[in-house]
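Read through the structure below, which is laid out as structure tokens, and then see the notes.
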Amino acid sequence: MYSVAEVDQEICGATKCRLCTQFCPEGNTILYDEVKGTAYVAVDRCKGCEICVGICDDLAKHHAIKMLPIDQVKNGFDISKVGFKRTLVDSE
């Protein structure tokens, strides 16, 4: 199963550091929502490299990002031609 990054928006929103958005090597993958004050991941762009996890855990010490199998991501977004759309995951 392919894993992608998921941001814990409660932890991220409390810190507002944005380091993950600066260090992600894949453009337009980890973005920052100014209104909510938290980072979020465009799951269709995430390559699963885990650099953001290392930055959040080791550099920022926030532990707000974890890798999850793509079918378990709850707060994912896809980039479409008309902007972002929420990715819904069915509960089992």
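The values are calculated or read from the model by the stated rules, or taken from the named source; none is laboratory data. Values in this document were obtained by computation on a predicted structure and should not be read as measured data. So basically every Cβ, Gly included, is an ideal-geometry build from the backbone, and we count neighbours across all protein chains shown.
May I ask you to list the residues in the range 1-30 that are farther than 20 Å from Gln72 by Cα and hydrophobic (A, V, I, L, M, F, W, C)?
Filtering the range 1-30 for residues farther than 20 Å from Gln72 by Cα gives 13-28.
Across the range 1-30, the qualifying residues are Ala14, Cys17, Leu19, Cys20, Phe23, Cys24.
One line per residue, one yes/no per condition, for (1) surrounded by 14 or more Cβ atoms within 10 Å (Cβ to Cβ); (2) modelled with pLDDT under 90:
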| position | (1), (2) |
| --- | --- |
| Tyr2 | no, yes |
| Glu6 | yes, no |
| Glu10 | no, no |
| Ala14 | no, no |
| Leu19 | yes, no |
| Ile30 | yes, no |
| Lys36 | no, yes |
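Scanning the range 21-42 turns up one or more residues that are under 17 Å from Tyr2 (Cα atoms) and hydrophobic (A, V, I, L, M, F, W, C).
For beta carbons closer than 6 Å, sequence separation of 6+ or different chains, a first residue in the range 11-34 that is hydroxyl-bearing (Ser, Thr, Tyr) and a second that is at pLDDT below 95 and not in a helix (DSSP H, G or I), the qualifying pairs are Thr21/Ile30; Thr21/Tyr32; Thr21/Ala39; Thr29/Ala42; Thr29/Arg45; Thr29/Cys46; Tyr32/Arg18; Tyr32/Ala39.
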